[in-house]
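Derivation of every value follows stated rules applied to the coordinates shown; laboratory data play no part. Bear in mind that the values here come from a model prediction, so they are computed numbers and not experimental data. Reconstructed Cβ throughout: ideal geometry from the backbone, glycine too, with neighbour counts over all protein chains shown.
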Amino acid sequence: MTASSATGGSRDYLDRLRRDIVFSENVRGQTLNFHTTWGLFSPKGLDAGSRLLLEHLEISPGDDTLDLGCGYGPLGLIMARLAPRGTHVLVDKDFVAVDYSRKNAELNDITNVECFLSNGFDQIGRRRFDLIVSNLPAKVSKELYYLYFHDALDHMKPGARFYVVTISGIRKFIQKAFQEVFGNYAKIKQGSTYTVALARAPSSRSGQLRDNSGNAAG
């Protein structure tokens with residue numbers, strides 16, 4: 001093989017890598033088409049943890065939801081289909097992930113969503129939700145988990161649900177942290193690799209987000 005043909009072959013290969021990865025997924029009776037790219041989490045298809053979470057998710061047609069760490073959007077966009085009367089917020093700290101979430105919302109004609117950059121909850125403002133979900137990263141500090149959990153509680157409506165999926169190896173920590181932060185914990189489904197857990201906000205909230213005058217935020 002000549003040097004020029006080797007170079008040409010390499011360029012072809014790199015050009016293929018730069019093209020969007022395209023696939024379809026069917027979950028809970030909803031079929032969505034996705035575009036992704038290398039560098040995003042699970043770019044070639046819906047990961048087993050997210051699928052497990054979606055299959056065991058309690059969601060109502062009017063729920064307002066948040067997908068924390070949305071990646072290219074599978075959790076938030078499927079929730080938007082399952083709760084067509086709700087408003088659905090998808091956030092990630094990676095601008096590439098947010099761009100692909102927006103692209104995938106448009107590709108699937110899903111209009112009841114907002115996708116934007118946020119480091120955890122720092123751009124969420126005073127919004128509150130009926131349902132928050134997250135496919136939590138495994139290799140982060142426990143301090144970051146506690147920030148997520150306390151911020152989630154502050155952004156939950158009375159009686160709201162917070163679902164997470166994690167590797168099963170940290171399920172005992174999640175149980176302990178949920179009990180400390182929310183006062184409750186439920187193991188929804190445990191598989192060989194992943195565990196889905198649920199915490200609920202109190203049905204009446206004395207600790208609602210408050211505006212500068214001390215009044216409860218609406």
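Annotations
- Take each peptide in 10-22, 111-123, count the other Cβ atoms within 10 Å of every residue, and average; sorted highest first, the result is 111-123, 10-22.
- Contour minus Cα-Cα distance for SER24 and SER203 (0.36 nm per residue): 60.7 nm
- Principal-axis analysis of the Cα atoms of the chain puts helix 171-181 at an angle of about 40° to the longest axis.
- Extension gain for the segment LEU17 to LEU117, taken as residue separation times 0.36 nm less the Cα-Cα distance, is 33.5 nm to one decimal.
- Sorted from longest to shortest, the spans of the Cα atoms of the range 63-163 along the three principal axes equal 37, 31, 22 Å.
- Residue exposure sequence - ILE167, ILE110 - by fewest surrounding Cβ within 10 Å: ILE167, ILE110
- Against the main long axis of the alpha-carbon atoms of the chain, helix 3-18 sits at an angle near 20°.
- Within straight-line cross-link reach of LYS187, aspartates and glutamates at Cα separation under 18 Å, skipping those fewer than 8 residues along the same chain: GLU55, GLU58
- Here the spin labels are modelled as points 7 Å beyond Cα on the Cα-Cβ line, and at THR31 and PHE95 they lie 3.6 nm apart.
- Residue (of ASN108, THR36, ALA83) at the positive-pole extreme of the chain, dipole from beta-carbon charges: ALA83
- Estimated translational D of the chain in µm²/s (Stokes, Kirkwood radius over Cα pairs; 4 °C; 1.567 mPa s): 71
- Between 0 and 90 degrees, the angle of helix 142-154 with respect to the longest Cα principal axis of the chain falls at about 60 degrees.
- Estimated FRET transfer efficiency (SER168, TRP38; beta-carbon r; R0 30 Å; 0.05): 0.65
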